[in-house]
Amino acid sequence: YCDAMAHSELGQKSAKDVELFYAYYIQNRNRCMCISQLALNGKDIIDATNFRGKQIQEALNMCLKYAFYHPEKNRKEELLNIIKMVICLRRALARLTRSCTKLLNGLTTIHSLSADVSVRLLTHDLFL
């Protein structure tokens, strides 16, 4: 039976599938697949940041995604640097958002004043 399966089309396909799976496993065996495989943990994040609760979980998930795609960078210092960089980027984005909001409010005020001045000039010209 084994000899017949090995020479059959189905048997050869099955053997090829096993070879492909094994090659895939070998290629990906160093990838982080769960948070427990990360080079850092929640305590490391607490010590390096002021994160609490849900923020720690979000940081760990972000590190997991990063370490999955960059297994060679699954090191505590590297992952903490990524977290700090994201914190800085979020703060910069928040400042930029506030600045844009102020600018838009200012433009709205200018537009409103401009419309008011236009109406005054128009009515002034009409009554001269």
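The values are calculated or read from the model by the stated rules, or taken from the named source; none is laboratory data. Keep in mind that this is a model prediction, so the values were computed, not measured. Here the Cβ is made from the backbone with ideal geometry for all residues, glycine too, and neighbour counts use every protein chain on show. Please note that ligands, DNA and RNA were not included when accessible areas were found on the heavy atoms of the full protein model with its side chains. Shrake-Rupley method; radii C 1.70, N 1.55, O 1.52, S 1.80 Å.
Just a yes or no: is a residue in segment 59-70 loosely packed, with under 12 Cβ neighbours inside 10 Å and among the hydrophobic types (A, V, I, L, M, F, W, C)?
No, the conditions are met nowhere in segment 59-70.
Collect the residues in segment 74-86 that are within 15 Å of Arg29 (Cα to Cα) and either surrounded by fewer than 15 Cβ atoms within 10 Å (Cβ to Cβ) or in contact with a Ser or Thr (Cβ under 7 Å, 6 or more places away or on another chain) (or both), keeping them in residue-number order.
Scanning segment 74-86 gives no hits.
Can you name every residue in segment 21-65 that is of a type in the set (Val, Ile, Thr) and within 17 Å of Lys76 (Cβ to Cβ)? Reasoning before the result, please.
Step one: of segment 21-65, the residues of a type in the set (Val, Ile, Thr) are 26, 35, 45-46, 49, 56.
Selection gives Ile35, Ile45, Ile46, Thr49, Ile56.
Any residue at all in segment 16-38 that is open to solvent by 60 Å² or more (accessible area, probe 1.4 Å) and modelled with pLDDT of 90 or more?
yes
Quick check on Met62: is it more than 15 Å from Asn81 (Cα to Cα) and within 19 Å of the chain's Cα centre (by Cα)?
So Met62 does not fit the description; no.
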